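Q: I'd like to ask you about the structure that follows.
The values are calculated or read from the model by the stated rules, or taken from the named source; none is laboratory data. In this text the structure is predicted, and so the values were computed from the model without any measurement. A quick note on method: Cβ atoms are made from the backbone with ideal geometry, for glycine too, and the neighbour counts reach across all protein chains shown.
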Amino acid sequence: MSPKVKEFFNEAGEIAQFAGRFFREVMLPPYEIKEAIRQSYRIGYLSLPLVGITAFIIGLVLTLQSRPTLVEFGAEAWLPSMVGISIIREIGPVIIALICAGKIGSSIGAELGSMKVTEQIDAMEVGGTNPFKYIVVTRIVSTTLMIPILIFIGDAIALYGGFLAVKINTSVSATLFFHQVFNSLTFSDAIPAIIKSYFFGFAIGLIGCYKGYNSKKGTEGVGRSANSAVVIASLLVFIIDLMAVQITQFLGFL
Amino acid sequence: MSSEYGEPIIEITHLEKSFGDNQVLTDFNLTIRRGENVVVLGKSGCGKSVLIKCIVGLLNYQGGSIKVFGKEIAELNQHALDELRARIGFVFQSSALYDSMTVRENLEFSLRRHGKHKTKEEVKMLVEEMLTNVGLLHAIDLMPSELSGGMRKRIGLARSLVLKPEIVLYDEPTTGLDPITAKEISNLMLLMQQKYNTSSIIISHDMHCAQLTANRLTVMIDGINYAQGTFNELSSMTDPKVHAFFETI
């Protein structure tokens with residue numbers, strides 16, 4: 001086995017152990033609720049502007065780009081349904097998760113990496129606080145809870161962007177547009193998307209924390225932690241999405 | 001020497017610590033008595049910081065024994081280790097102040113966890129007392145990023161003393177500071193040792209700091225306790241390895 005392959009499996013094993021430790025520690029008191037709320041504010045509320053702007057542009061562009069093709073086939077009336085299903089099922093969750101992997105994953109990776117390098121994690125441990133619980137558990141819980149909410153809000157903003165794009169060319173009312181969107185959507189579109197968004201949030205938090213917490217000494221290590229947190233978290237988003245599609249299909253939701 | 005001080009509070013015997021193939025501590029022995037302040041001298045990378053991290057259980061050791069207040073560190077469970085750590089202050093080389101917290105919150109952090117019986121007013125008074133001790137009460141609401149290197153060291157010292165520990169471990173407290181600030185920090189350490197009657201292990205290669213703060217010095221070479229004695233005893237030794245440390249004065 002080549003050293004790189006061995007290294008890959010080693011790291012995969014370490015991430016699994018890290019995740020196992022998270023599930024053990026999250027159950028046991030004391031619960032760092034105050035810190036979890038503070039992290040949720042940072043991870044959720046402070047990411048809203050970026051998620052909102054990106055989602056709005058995605059909805060707008062998706063609608064503008066799709067319209068000419070549908071017009072060519074005389075299927076312009078299907079535009080709200082197509083945009084709605086695309087955004088709710090796939091584009092909204094995946095794009096917003098990728099944006100969060102970039103913004104939140106890198107920020108957690110760099111923050112924890114810097115804490116490790118400057119001995120803040122050791123100081124916390126010597127000070128009688130379990131750093132894993134205080135730093136890692138709170139952040140993973142926050143990303144797992146906040147990213148689905150960001151995706152939900154992002155989806156709503158993207159649909160509004162889609163409506164504005166339709167409005168530019170036609171005189172369709174908001175009521176008609178959203179009526180068509182929600183008429184074409186079923187629970188089997190929304191529920192798998194909601195479930196997978198929790199997994200996206202968990203993966204982003206887990207990888208950001210793992211990379212930062214295990215950052216090697218030095219400022220170069222901090223940069224590497226942030227960078228690899230984004231790369232691996234983004235990759236995991238796609239892998240989870242692929243698995244979600246397979247499972248959804250297997251369960252007969254598609 | 002032992003009659004001047006109290007009972008042994010840290011007993012290190014035949015300590016061994018390695019990182020992979022790199023054997024850092026081979027057979028290290030050291031006893032610290034109550035009220036005693038010992039400086040551990042050694043070249044960079046010789047394992048001085050590793051030694052004090054083993055004492056507080058931040059690093060595991062492969063062989064030998066470390067007893068703090070009579071308890072074997074390697075045998076303690078997490079709860080017992082946390083209780084023991086409340087009696088030990090640790091001043092980190094980089095100060096290790098929590099970046100996301102103000103100076104006040106940095107000091108309150110350990111108090112809130114270890115001193116749960118304390119009221120808000122008591123916590124506030126303790127924090128202000130410690131900051132007054134280090135002359136930085138005016139910096140109470142500043143963030144660590146707004147502090148100079150010397151101020152960070154002082155706050156690090158105040159934070160380690162806020163729980164009124166019986167032992168303080170200093171990891172290169174004067175490294176990276178100009179000579180004047182380094183002397184101020186050394187004087188402050190001495191003052192705190194006297195005021196709170198702490199025992200300490202000071203990791204350093206700053207001989208001025210060693211001269212000022214130590215009752216006893218120990219020279220770590222090749223992972224063992226190569227020589228020990230008072231400052232005057234060691235400075236008059238002819239052994240070239242020991243003498244090399246005193247040439248800089």
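Q: Name the residue that is farthest from B:N29 (Cα to Cα), counting only residues in the range B:54-66 that are of a type outside the set (F, W, Y) and surrounded by 18 or more Cβ atoms within 10 Å (Cβ to Cβ).
A: B:L58
Q: Mind checking which pairs have a first residue in the range B:180-194 that is more than 13 Å from B:V168 (Cα to Cα) and a second that is of a type outside the set (K, R), Cβ under 6 Å, 6 or more apart or different chains?
A: B:T181/B:G150; B:A182/B:T174; B:I185/B:P173; B:I185/B:T174; B:S186/B:C209; B:S186/B:L212; B:S186/B:T213
Q: Looking at this structure, is A:T129 surrounded by 20 or more Cβ atoms within 10 Å (Cβ to Cβ), hydroxyl-bearing (S, T, Y), outside any helix (DSSP H, G or I) and at negative phi?
A: For A:T129, the condition - surrounded by 20 or more Cβ atoms within 10 Å (Cβ to Cβ), hydroxyl-bearing (S, T, Y), outside any helix (DSSP H, G or I) and at negative phi - is met.
Q: Across the range B:218-238, what is the total count of residues that are out of contact with any Ser or Thr (no Cβ under 7 Å at 6 or more places or on another chain) and under 15 Å from B:I52 (Cα atoms)?
A: Looking only at that region, the number is 3.
Q: What are the residues in the range A:132-143 that are buried (at least 22 other Cβ atoms within 10 Å of the Cβ) and either out of contact with any Leu (no Cβ under 7 Å at 6 or more places or on another chain) or farther than 30 Å from A:I87 by Cβ (or both), if any? So that I can check it myself, show each step before the final result.
A: Filtering the range A:132-143 down to residues buried (at least 22 other Cβ atoms within 10 Å of the Cβ) leaves A:135-143.
Answer for the range A:132-143, where residues must be buried (at least 22 other Cβ atoms within 10 Å of the Cβ) and either out of contact with any Leu (no Cβ under 7 Å at 6 or more places or on another chain) or farther than 30 Å from A:I87 by Cβ (or both): A:I135, A:V136, A:V137, A:T138, A:R139, A:V141, A:S142, A:T143.
Q: Going through B:L41, B:L97, B:L84, B:L51 one at a time, which residue ends up being buried (at least 23 other Cβ atoms within 10 Å of the Cβ) and modelled with pLDDT under 95?
A: After ruling out the rest, the residue left standing is B:L41.
Q: Please tell me if B:V168 is in contact with a strand residue (DSSP E or B) (Cβ under 9 Å, 6 or more places away or on another chain), of a type outside the set (D, E, K, R) and under 28 Å from B:I10 (Cα atoms).
A: Values: in contact with a strand residue (DSSP E or B) (Cβ under 9 Å, 6 or more places away or on another chain): yes; of a type outside the set (D, E, K, R): yes; under 28 Å from B:I10 (Cα atoms): yes.
Here the answer is yes, as B:V168 does meet what is asked.
Q: Which residue is farthest from the other protein chains (Cβ to nearest Cβ), if the candidates are limited to the range A:122-161 and must be polar (S, T, N, Q) and touching a residue at least 24 places away in the same chain (Cβ under 8 Å)?
A: For the range A:122-161, the residue satisfying everything is A:T144.
Q: Would you kindly identify the helices (runs of 4 or more DSSP H) lying entirely within the range A:60-121 that contain at least 3 residues that are farther than 20 Å from A:F182 by Cβ, among the hydrophobic types (A, V, I, L, M, F, W, C) and within 14 Å of chain B (Cβ to nearest Cβ)?
A: A:106-117
Q: Condition first: of a type in the set (D, E) and in a helix (DSSP H, G or I). Now tell me which residues in the range A:25-59 satisfy that.
A: A:E25, A:E35
Q: When you check A:G13 against the structure, is it farther than 16 Å from A:I149 by Cα, surrounded by fewer than 12 Cβ atoms within 10 Å (Cβ to Cβ) and modelled with pLDDT of 95 or more, yes or no?
A: Spelling it out, A:G13 is indeed farther than 16 Å from A:I149 by Cα, surrounded by fewer than 12 Cβ atoms within 10 Å (Cβ to Cβ) and modelled with pLDDT of 95 or more.
Q: Can I ask one more? From the list A:R42, A:R21, A:R38, exactly one residue is of a type in the set (D, E, K, R), modelled with pLDDT of 95 or more and within 23 Å of B:Q78 (Cβ to Cβ). Which is it?
A: A:R21
Q: Restricting attention to the range A:97-143, which residues are closer than 23 Å to B:Q93 by Cα and either basic (K, R) or within 12 Å of the chain's Cα centre (by Cα) (or both)?
A: A:K116
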